[in-house]
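Undergrad: Quick one: the structure is below, questions incoming.
Quick note: the coordinates plus some simple rules give every number you see, no bench work behind them. If you're wondering where the values come from, they're calculated on a predicted model, not measured in any experiment. We place every Cβ from the backbone using ideal geometry, glycine too, and count neighbours over all the protein chains shown.
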């Protein structure tokens, strides 16, 4: 048993007596503790508790701050990751637009070749301003946002599509025009002297006058005869008074005929180009000498070849 007895003999010498009473009738153990020691121990304990409480509060505060910072860092990483992904998408879109612009530039070059001319202006519509002697430039510095870049890319993409459609339409129109021009007789079939023109004439065989549906161009036997336009060979054989004859269909109802040849170089169904040799000049059929009978028919009616030359 432990007994605590407070003795107060004097104010400055107050003390606590700690008595320990053991069992089995053993002697009592008595310990005296001065009051000052008790007060000091209590004060020390209070200070320790205060420090411990402050430490715990500071720990909880720091833990909350660390958690908040970790959350903010995670959110910032998510935002940065999203922005990075958006920038990656913008980079891919920009690369695609660059490919589109390359294709448009190729279209521009194709159109220039088709029209056989170059842009004579000082500023190209499909390339940066040409370098000159002027050096003026400037403007406020600014860093566009992702939204501004996205809108810019979107607008540029729309412009690219519109321009591509416009150029494709123009290119198709020019191709069709060039195909029509290529399929329209416009060159001389051979070289030589014109010995008979289109229309009424005195018969070369001495039988009065007759109607001549073409023109005769005389030269040496073996002189090359060329197609005067793109087309498909409709006939390449002997044909009555025309002798060895080549007939070419150019489409749109236009047909050309080359008669009195000495040798034929093409076969029916064969495609020929303007200026391609199709036969050699000769004196076959009803002919008084080596020449080429050149005839143009439109929808089956012979017309004056001079209007095509």
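Undergrad: Mean separation of Cα pairs under 8 Å and 6+ residues apart, divided by the residue count of region 193-308: what relative contact order is that in percent? Write out the running numbers ahead of the final one.
TA: Working: 317 pairs, mean separation 33.8, N = 116.
Relative contact order of region 193-308: 29 percent.
Undergrad: Quick check: Cα centre of region 229-306 to Cα centre of region 33-90, how many Å?
TA: That distance is 103 Å.
Undergrad: Going highest first, how would you order 53-63, 249-259 by mean Cβ packing within 10 Å? Could the numbers behind the result be given before it?
TA: On the way: 53-63: 10.0, 249-259: 19.3.
With the highest mean Cβ count within 10 Å placed first, the list reads 249-259, 53-63.
Undergrad: Using per-residue counts of other Cβ atoms within 10 Å, averaged over each peptide, order 94-101, 261-268 from highest down.
TA: Working: 94-101: 13.2, 261-268: 17.1.
Per-residue mean Cβ counts within 10 Å order the peptides as 261-268, 94-101.
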